[in-house]
1. Given (1) in contact (Cβ under 8 Å) with a residue 12 or more places away in the chain; (2) out of contact with any Pro (no Cβ under 7 Å at 6 or more places or on another chain), where does residue 46 come up short, assuming only one miss?
2. Please determine whether any residue of region 48-64 is in a strand (DSSP E or B), surrounded by 23 or more Cβ atoms within 10 Å (Cβ to Cβ), more than 11 Å from the chain's Cα centre (by Cα) and assigned by TED's automatic domain parsing to the domain that holds residue 168.
3. Just give me the residues in region 145-203 being assigned to a loop (DSSP other than H, G, I, E, B), closer than 22 Å to residue 256 by Cα and under 21 Å from the mean Cα position of the chain (by Cα), in sequence order.
4. Surrounded by fewer than 20 Cβ atoms within 10 Å (Cβ to Cβ) and farther than 27 Å from residue 313 by Cα: is that true of residue 156 in this structure?
5. Can you name the helices (runs of 4 or more DSSP H) wholly within region 216-306 that have at least 1 residues being of a type in the set (Gly, Ala, Ser) and either more than 23 Å from residue 24 (Cα to Cα) or at pLDDT 95 or above (or both)?
6. Could you say whether any residue in region 98-107 is of a type in the set (A, V, I, L, M, F, W, C) and in a loop (DSSP other than H, G, I, E, B)?
7. Looking at region 111-146, which of the residues that are farther than 19 Å from residue 56 by Cβ, touching a residue at least 60 places away in the same chain (Cβ under 8 Å) and touching a Ser or Thr at 6+ places or on another chain (Cβ under 9 Å) is surrounded by the fewest Cβ atoms within 10 Å (Cβ to Cβ)?
8. Among residues belonging to region 1-47 that are at pLDDT 95 or above and at positive phi, point out the one that is surrounded by the most Cβ atoms within 10 Å (Cβ to Cβ).
Amino acid sequence: MASGRDELLRQYRQMQTIRRFEEEAARGYAQAKIGGFLHLYIGQEAIAVGVNDALEEQDYVFQTYRDHGTAIARGMEPKHAMAELFGKDAGCARGLGGSMHFFDVERNFLGGWAIIGGHIAVAAGAAFKSKYTGDGRVTVCFFGEGSTNIGGFHEGLSLAGLWKLPIVFICENNQYAMGTPMKRTSAISDLTLKAQGYGMVGERFDGHDVQLVRDRVKPAIDRARRGEGPTFIEINTYRFRGHSLSAPAKYRTRQELEERKRLDPCAVTRQQLKDAGMSEDELVKVDAEVDELIDEAVAFADAAEPAKEELVFSTVYATRQHGTPTLRATGYPDGRETGHASDAAKQENA
């Protein structure tokens with residue numbers, strides 16, 4: 001088998017893993033194994049895999065609440081991802097983060113952020129750290145097209161362009177900000193025009209071909225690593241499920257959905273493998289191996305222990321030595337109090 005086909009097969013396996021993970025996550029949600037919201041990445045798999053292939057292990061990645069696919073592409077094991085969805089202690093965030101707050105420090109996957117556009121300025125901060133320390137890392141920050149109207153987007157891009165930070169901003173334009181089409185939220189259809197206002201390069205292309213994604217993103221990452229500044233990339237894609245599983249997708253027609261499925265990234269890559277000489281039997285075997293991996297992830301998550309309540313008091317709340325949570329006044333670095341705590345709390349913490 002040629003090396004090029006090996007690479008494409010690896011990418012297909014990753015994309016299919018994400019697809020099957022999301023399908024089983026949807027099943028788990030219907031079975032009430034998953035609480036809260038669940039935002040699926042089905043239809044966007046080529047972006048997560050293609051972008052990650054252009055990155056180095058040391059690089060930082062930030063994502064929105066639609067984060068499962070990016071985390072898996074980054075190397076997170078599906079069993080730990082599924083355990084997080086199920087609220088289990090074996091999850092990537094010990095079961096406390098849930099679907100929208102995946103996190104994996106070991107793989108430099110820094111979230112999973114639920115606030116629309118709020119993480120963009122945080123990602124710019126990570127890139128500033130890299131420039132300040134000269135650590136050679138590049139930050140990639142994903143967000144949806146709806147975030148381009150949020151204050152954090154403009155703040156993050158403004159400083160990144162001004163300071164030439166080593167960051168690549170990737171807008172996954174899946175056509176609908178929740179249920180609102182972009183034509184009702186943006187006066188321009190080419191969002192990369194906004195890059196000009198911040199002194200950075202703008203790129204725009206479709207995201208259903210995984211190798212095209214990798215090849216178009218790689219120059220931007222290389223440019224950032226060389227210290228030549230940030231890039232804003234708009235990748236046109238399409239999610240096949242609703243904004244979340246709790247939201248019916250009545251804002252689009254069945255005809256539109258079926259038309260877009262003709263560019264299903266998993267199907268596109270599968271056909272590319274066939275064109276490269278792989279047989280249907282070989283591909284079916286790969287699919288079966290992925291099915292087994294995801295079945296094992298579900299079984300692992302089912303059997304894992306629930307998230308531990310006491311962990312909240314060692315990670316979220318400040319505690320006294322005996323373990324009882326205390327309310328502490330918010331203070332300035334020099335010890336002066338802001339005056340927001342109650343007198344009882346002040347006396348207890350004296």
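1. Result: residue 46 fails condition (2) only.
2. Within region 48-64, the first condition is being in a strand (DSSP E or B), and the residues that meet it are 60-63.
Next cut, surrounded by 23 or more Cβ atoms within 10 Å (Cβ to Cβ) only: 61-63.
Now drop any that are not more than 11 Å from the chain's Cα centre (by Cα), which leaves none.
Looking for residues that are in a strand (DSSP E or B), surrounded by 23 or more Cβ atoms within 10 Å (Cβ to Cβ), more than 11 Å from the chain's Cα centre (by Cα) and assigned by TED's automatic domain parsing to the domain that holds residue 168, one finds none in region 48-64, hence no.
3. 174, 175, 178, 179
4. No.
5. Working: elements: 254-260, 265-275, 280-303.
Counting at least 1 such residues, we get 265-275, 280-303.
6. If we filter region 98-107 for residues that are of a type in the set (A, V, I, L, M, F, W, C), which is where we start, we get 100, 102-103, 105.
Retained after the next criterion (residues that are in a loop (DSSP other than H, G, I, E, B)): 102-103.
So far as region 98-107 goes, yes, one or more of its residues are of a type in the set (A, V, I, L, M, F, W, C) and in a loop (DSSP other than H, G, I, E, B).
7. Result: 145.
8. 43
The values are calculated or read from the model by the stated rules, or taken from the named source; none is laboratory data. Everything quoted here is computed from the prediction, not taken from an experiment. Counting neighbours? That spans all protein chains shown, and the Cβs are built from the backbone with ideal geometry, glycine included.
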